[in-house]
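Encoded as C-alpha coordinates, the structure appears first; notes follow it.
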Amino acid sequence: MNDGADEPIDKRVARYMEYIAATARACGRNPDEITLVAISKTHPPEVIAQAIAAGITHLGENRVQEARTKIAQLAGMRRGITWHLVGQLQRNKAKVAAGLFDMVQSLDSKSLAEALHRHVASLLHEESHLLPSEFPPRPAGYRLPVLLQVNLTGEVRKAGFWLPGGLENREALSSFLETVEEILALPSLQVRGVMTIGPLVGQREAIRTTFRHLRHLRDYLAQLFPSAPWDILSMGMTDDADLAIEEGTTMLRIGRGIFGGRVDAHGI
Ligand SMILES: *Cc1c(COP(=O)(O)O)cnc(C)c1O
(Lines give C-alpha, C1' and ligand atoms only; values in the text may rest on other atoms or scores of the structure.)
Protein backbone atom coordinates (compact mmCIF):
# COMPACT_ATOMS: atom_id res chain seq x y z
CA MET A 1 0.00 0.00 0.00
CA ASN A 2 1.18 3.51 -0.61
CA ASP A 3 2.71 5.20 2.37
CA GLY A 4 0.50 8.33 2.34
CA ALA A 5 2.85 10.05 4.76
CA ASP A 6 0.87 13.25 5.26
CA GLU A 7 -2.55 11.67 5.52
CA PRO A 8 -4.22 12.10 8.93
CA ILE A 9 -4.33 8.99 11.14
CA ASP A 10 -8.10 8.57 11.07
CA LYS A 11 -8.06 8.41 7.27
CA ARG A 12 -5.20 5.93 7.32
CA VAL A 13 -6.97 3.68 9.81
CA ALA A 14 -10.19 3.73 7.80
CA ARG A 15 -8.30 3.07 4.60
CA TYR A 16 -6.41 0.19 6.15
CA MET A 17 -9.56 -1.41 7.51
CA GLU A 18 -11.12 -1.18 4.05
CA TYR A 19 -8.01 -2.71 2.55
CA ILE A 20 -8.20 -5.69 4.92
CA ALA A 21 -11.90 -6.18 4.24
CA ALA A 22 -11.47 -6.01 0.45
CA THR A 23 -8.47 -8.36 0.48
CA ALA A 24 -10.30 -10.84 2.71
CA ARG A 25 -13.44 -10.83 0.57
CA ALA A 26 -11.40 -11.26 -2.60
CA CYS A 27 -10.15 -14.62 -1.30
CA GLY A 28 -13.48 -15.70 0.14
CA ARG A 29 -12.75 -14.87 3.78
CA ASN A 30 -14.89 -13.08 6.32
CA PRO A 31 -13.05 -9.87 7.35
CA ASP A 32 -14.44 -10.23 10.89
CA GLU A 33 -12.07 -13.19 11.43
CA ILE A 34 -9.10 -10.84 11.21
CA THR A 35 -7.96 -8.69 14.13
CA LEU A 36 -5.91 -5.63 13.31
CA VAL A 37 -3.14 -4.88 15.80
CA ALA A 38 -1.67 -1.42 15.22
CA ILE A 39 2.05 -1.55 16.03
CA SER A 40 2.79 1.81 17.61
CA LYS A 41 6.49 1.42 18.49
CA THR A 42 8.42 4.71 18.18
CA HIS A 43 5.20 6.75 17.82
CA PRO A 44 4.22 9.18 20.56
CA PRO A 45 1.08 8.89 22.72
CA GLU A 46 -0.67 11.78 20.91
CA VAL A 47 -0.55 9.83 17.66
CA ILE A 48 -1.66 6.61 19.36
CA ALA A 49 -4.59 8.50 20.90
CA GLN A 50 -5.67 9.53 17.41
CA ALA A 51 -5.54 5.91 16.26
CA ILE A 52 -7.69 4.88 19.22
CA ALA A 53 -10.17 7.65 18.42
CA ALA A 54 -10.29 6.30 14.85
CA GLY A 55 -11.37 2.88 16.10
CA ILE A 56 -8.16 0.97 16.82
CA THR A 57 -8.68 -1.35 19.81
CA HIS A 58 -5.52 -3.51 19.62
CA LEU A 59 -2.09 -1.92 19.97
CA GLY A 60 1.33 -3.53 19.92
CA GLU A 61 4.72 -2.44 21.20
CA ASN A 62 8.09 -4.17 21.02
CA ARG A 63 9.88 -2.73 24.05
CA VAL A 64 8.65 -3.02 27.60
CA GLN A 65 9.96 0.30 28.93
CA GLU A 66 8.75 2.32 25.96
CA ALA A 67 5.35 0.67 26.22
CA ARG A 68 5.17 1.26 29.95
CA THR A 69 5.71 4.99 29.59
CA LYS A 70 3.19 5.33 26.79
CA ILE A 71 0.54 3.14 28.41
CA ALA A 72 0.82 5.29 31.54
CA GLN A 73 0.41 8.44 29.42
CA LEU A 74 -2.64 6.92 27.72
CA ALA A 75 -4.14 5.62 30.98
CA GLY A 76 -7.40 7.49 30.39
CA MET A 77 -7.89 5.44 27.22
CA ARG A 78 -6.98 2.04 28.68
CA ARG A 79 -10.49 0.60 28.81
CA GLY A 80 -11.36 -1.45 25.79
CA ILE A 81 -7.76 -1.49 24.56
CA THR A 82 -5.77 -4.70 24.28
CA TRP A 83 -2.02 -4.08 24.52
CA HIS A 84 0.20 -6.67 22.86
CA LEU A 85 3.91 -7.23 23.38
CA VAL A 86 5.43 -8.22 20.04
CA GLY A 87 9.15 -7.79 20.75
CA GLN A 88 11.69 -10.00 22.41
CA LEU A 89 11.30 -10.07 26.17
CA GLN A 90 14.23 -10.23 28.58
CA ARG A 91 13.52 -12.27 31.66
CA ASN A 92 14.34 -9.37 33.98
CA LYS A 93 11.40 -7.49 32.44
CA ALA A 94 8.98 -10.41 32.69
CA LYS A 95 7.31 -9.08 35.82
CA VAL A 96 6.45 -5.72 34.29
CA ALA A 97 5.37 -7.40 31.06
CA ALA A 98 3.12 -9.81 32.97
CA GLY A 99 1.39 -6.92 34.72
CA LEU A 100 1.22 -4.50 31.83
CA PHE A 101 0.31 -6.38 28.67
CA ASP A 102 -2.94 -8.12 27.79
CA MET A 103 -1.20 -10.50 25.41
CA VAL A 104 2.42 -11.55 24.93
CA GLN A 105 2.97 -12.59 21.30
CA SER A 106 6.71 -13.10 21.60
CA LEU A 107 6.89 -16.08 23.92
CA ASP A 108 9.95 -17.90 22.65
CA SER A 109 11.35 -20.11 25.40
CA LYS A 110 10.29 -22.36 28.21
CA SER A 111 12.22 -20.33 30.78
CA LEU A 112 10.42 -17.15 29.72
CA ALA A 113 7.08 -18.97 29.94
CA GLU A 114 7.91 -20.10 33.47
CA ALA A 115 8.93 -16.59 34.49
CA LEU A 116 5.73 -15.07 33.09
CA HIS A 117 3.64 -17.76 34.72
CA ARG A 118 5.22 -17.09 38.13
CA HIS A 119 4.76 -13.33 37.86
CA VAL A 120 1.14 -13.52 36.69
CA ALA A 121 0.36 -15.79 39.63
CA SER A 122 2.17 -13.65 42.19
CA LEU A 123 0.71 -10.35 40.91
CA LEU A 124 -2.77 -11.79 41.42
CA HIS A 125 -1.97 -12.14 45.11
CA GLU A 126 -0.50 -8.71 45.57
CA GLU A 127 -2.74 -6.06 47.05
CA SER A 128 -4.05 -3.95 44.23
CA HIS A 129 -3.01 -0.63 45.83
CA LEU A 130 0.58 -1.84 45.85
CA LEU A 131 0.63 -2.50 42.13
CA PRO A 132 1.85 0.11 39.65
CA SER A 133 -1.13 2.18 38.52
CA GLU A 134 -0.65 1.27 34.86
CA PHE A 135 -1.25 -2.41 35.61
CA PRO A 136 -4.89 -3.18 34.84
CA PRO A 137 -6.86 -5.09 37.48
CA ARG A 138 -7.08 -8.84 36.78
CA PRO A 139 -9.93 -11.09 37.86
CA ALA A 140 -9.31 -14.12 40.10
CA GLY A 141 -8.16 -17.05 38.02
CA TYR A 142 -6.77 -14.74 35.34
CA ARG A 143 -4.51 -16.37 32.76
CA LEU A 144 -2.24 -14.26 30.57
CA PRO A 145 -2.90 -14.89 26.87
CA VAL A 146 0.30 -15.77 25.00
CA LEU A 147 1.34 -16.76 21.50
CA LEU A 148 4.28 -19.03 20.75
CA GLN A 149 6.61 -17.19 18.41
CA VAL A 150 8.28 -19.52 15.93
CA ASN A 151 11.23 -18.91 13.66
CA LEU A 152 10.26 -20.79 10.49
CA THR A 153 12.91 -19.27 8.24
CA GLY A 154 16.14 -20.06 10.08
CA GLU A 155 17.32 -16.45 9.98
CA VAL A 156 19.63 -16.17 12.98
CA ARG A 157 18.78 -12.52 13.73
CA LYS A 158 15.21 -13.49 14.38
CA ALA A 159 13.67 -14.59 17.66
CA GLY A 160 11.30 -17.47 18.14
CA PHE A 161 11.31 -21.20 18.76
CA TRP A 162 13.72 -22.63 16.21
CA LEU A 163 11.67 -24.49 13.61
CA PRO A 164 12.99 -23.72 10.12
CA GLY A 165 10.77 -25.39 7.55
CA GLY A 166 7.96 -26.01 10.02
CA LEU A 167 6.44 -29.47 10.31
CA GLU A 168 8.92 -30.90 7.80
CA ASN A 169 11.73 -30.32 10.26
CA ARG A 170 11.20 -33.54 12.24
CA GLU A 171 14.15 -33.11 14.56
CA ALA A 172 13.40 -29.54 15.63
CA LEU A 173 9.71 -30.39 15.80
CA SER A 174 10.01 -33.08 18.44
CA SER A 175 11.84 -30.86 20.91
CA PHE A 176 9.43 -28.00 20.15
CA LEU A 177 6.45 -30.26 20.89
CA GLU A 178 7.94 -31.29 24.23
CA THR A 179 8.33 -27.65 25.16
CA VAL A 180 4.79 -26.81 24.04
CA GLU A 181 3.45 -29.52 26.28
CA GLU A 182 5.36 -28.10 29.24
CA ILE A 183 4.16 -24.57 28.54
CA LEU A 184 0.55 -25.73 28.24
CA ALA A 185 0.86 -27.13 31.77
CA LEU A 186 1.56 -23.67 33.26
CA PRO A 187 -1.79 -22.65 34.75
CA SER A 188 -1.31 -18.85 34.69
CA LEU A 189 -0.75 -18.74 30.95
CA GLN A 190 -3.31 -19.31 28.25
CA VAL A 191 -1.73 -20.32 24.96
CA ARG A 192 -3.95 -18.88 22.24
CA GLY A 193 -1.91 -19.64 19.15
CA VAL A 194 1.25 -18.98 17.21
CA MET A 195 3.05 -15.99 15.78
CA THR A 196 5.74 -15.59 13.16
CA ILE A 197 7.64 -12.93 11.27
CA GLY A 198 7.96 -13.59 7.56
CA PRO A 199 11.38 -13.74 5.87
CA LEU A 200 13.16 -10.43 6.47
CA VAL A 201 14.30 -10.40 2.89
CA GLY A 202 12.46 -12.65 0.54
CA GLN A 203 10.43 -13.13 -2.54
CA ARG A 204 6.67 -13.24 -2.27
CA GLU A 205 6.57 -17.01 -2.76
CA ALA A 206 9.01 -17.53 0.12
CA ILE A 207 6.87 -15.33 2.35
CA ARG A 208 3.75 -17.23 1.36
CA THR A 209 5.45 -20.55 2.11
CA THR A 210 6.41 -19.33 5.57
CA PHE A 211 2.84 -18.30 6.33
CA ARG A 212 1.57 -21.62 5.06
CA HIS A 213 4.03 -23.40 7.34
CA LEU A 214 2.67 -21.46 10.30
CA ARG A 215 -0.91 -22.37 9.45
CA HIS A 216 -0.06 -26.05 9.08
CA LEU A 217 1.83 -25.94 12.36
CA ARG A 218 -1.17 -24.38 14.10
CA ASP A 219 -3.51 -27.03 12.66
CA TYR A 220 -1.16 -29.77 13.84
CA LEU A 221 -0.86 -28.31 17.35
CA ALA A 222 -4.63 -27.95 17.56
CA GLN A 223 -5.02 -31.63 16.80
CA LEU A 224 -2.31 -32.72 19.17
CA PHE A 225 -3.22 -30.44 22.09
CA PRO A 226 -6.97 -29.83 22.01
CA SER A 227 -6.94 -28.31 25.51
CA ALA A 228 -5.80 -24.94 24.08
CA PRO A 229 -7.90 -22.93 21.62
CA TRP A 230 -5.19 -22.31 18.94
CA ASP A 231 -7.51 -19.69 17.49
CA ILE A 232 -4.86 -17.05 16.82
CA LEU A 233 -2.55 -17.15 13.83
CA SER A 234 -0.54 -13.92 14.10
CA MET A 235 1.20 -13.28 10.80
CA GLY A 236 1.40 -10.43 8.32
CA MET A 237 2.97 -6.97 8.58
CA THR A 238 2.70 -3.93 6.31
CA ASP A 239 4.64 -5.40 3.39
CA ASP A 240 3.07 -8.86 3.42
CA ALA A 241 -0.43 -8.38 4.82
CA ASP A 242 -2.13 -9.44 1.59
CA LEU A 243 -0.25 -12.77 1.52
CA ALA A 244 -1.01 -13.34 5.20
CA ILE A 245 -4.73 -12.78 4.61
CA GLU A 246 -4.69 -15.22 1.71
CA GLU A 247 -2.89 -17.79 3.88
CA GLY A 248 -5.37 -17.56 6.73
CA THR A 249 -4.06 -15.00 9.20
CA THR A 250 -6.37 -14.11 12.07
CA MET A 251 -4.16 -11.32 13.41
CA LEU A 252 -2.28 -8.73 11.40
CA ARG A 253 0.44 -6.62 13.02
CA ILE A 254 0.58 -3.37 11.10
CA GLY A 255 2.99 -0.53 11.86
CA ARG A 256 3.92 1.59 8.84
CA GLY A 257 0.66 0.94 7.01
CA ILE A 258 -1.15 2.82 9.76
CA PHE A 259 1.38 5.17 11.33
CA GLY A 260 3.63 5.82 8.34
CA GLY A 261 7.39 5.55 8.60
CA ARG A 262 8.87 5.04 12.03
CA VAL A 263 10.45 7.97 13.78
CA ASP A 264 13.53 5.93 14.48
CA ALA A 265 13.31 2.52 12.90
CA HIS A 266 14.53 0.08 15.48
CA GLY A 267 14.92 -3.60 14.91
CA ILE A 268 12.29 -6.23 15.11
C1 LIG B 1 7.47 -3.52 13.93
C2 LIG B 1 6.78 -4.83 13.94
C3 LIG B 1 5.63 -5.05 13.16
C4 LIG B 1 5.07 -4.00 12.22
O5 LIG B 1 5.91 -3.81 11.13
P6 LIG B 1 5.49 -2.93 9.86
O7 LIG B 1 6.36 -3.43 8.79
O8 LIG B 1 5.75 -1.50 10.24
O9 LIG B 1 4.04 -3.17 9.61
C10 LIG B 1 5.02 -6.29 13.25
N11 LIG B 1 5.49 -7.26 14.05
C12 LIG B 1 6.58 -7.09 14.81
C13 LIG B 1 7.05 -8.22 15.66
C14 LIG B 1 7.26 -5.88 14.77
O15 LIG B 1 8.36 -5.72 15.52
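Descriptive notes on the structure:
- Carbon plus sulfur fraction of accessible area for the chain, probe 1.4 Å, in percent: 50 percent
- Prolate/oblate/rounded call for region 133-268, Cα gyration tensor, a/c under 1.5 rounded: oblate
- Amide H contacts of residue 189 (H built 1.01 Å from N, under 5 Å, at least 5 apart or other chain): 144
- For region 75-131: rounded, prolate or oblate by the Cα gyration tensor [a/c cutoff 1.5]: oblate
- With a cut-off of 12 Å between beta carbons, the residues surrounding residue 104 carry a summed charge of 0, where Lys and Arg count +1 and Asp and Glu -1.
- For residue 131, the solvent-accessible surface computed with a 1.4 Å probe is close to 40 Å², ligands and nucleic acids excluded.
- Karplus (6.51, -1.76, 1.60) ³J(HN,Hα), θ = phi - 60°, over region 84-98, in Hz, Gly and Pro reported as x: 10, 9, 10, x, 4, 10, 7, 4, 6, 10, 5, 5, 4, 4, 5
- Charge sum, other residues only, whose C-beta stays under 15 Å from residue 25's C-beta, Lys/Arg counted +1 and Asp/Glu -1: -4
- Range of Cα positions in the chain per principal axis (Å), largest first: 48, 46, 32
- Converting phi to 3J(HN,Hα) with the Karplus coefficients 6.51, -1.76 and 1.60 and the offset θ = phi - 60°, region 17-32 yields 5, 5, 4, 4, 4, 5, 5, 5, 4, 4, 10, x, 9, 8, x, 5 Hz in sequence order, with x at every glycine or proline.
- Å² of accessible area per residue within the chain, as computed with a 1.4 Å probe and no ligands counted: 46 Å²
- Here the Gaussian network model covers the chain, with springs between Cα atoms less than 10 Å apart; of 152, 200, 233, 200 fluctuates the most.
- Prolate/oblate/rounded call for region 1-145, Cα gyration tensor, a/c under 1.5 rounded: prolate
- Placed amide H near residue 260: partners under 5 Å, 5+ positions off or other chain: none
The values are calculated or read from the model by the stated rules, or taken from the named source; none is laboratory data. None of these values were measured; they are calculated from a predicted model. In this analysis, Cβ positions are derived from the backbone assuming ideal geometry, glycine residues included, and neighbour counts consider all displayed protein chains. Keep in mind that these areas ignore ligands, DNA and RNA; they rest on the heavy atoms of the full protein, side chains included. Shrake-Rupley method; radii C 1.70, N 1.55, O 1.52, S 1.80 Å.
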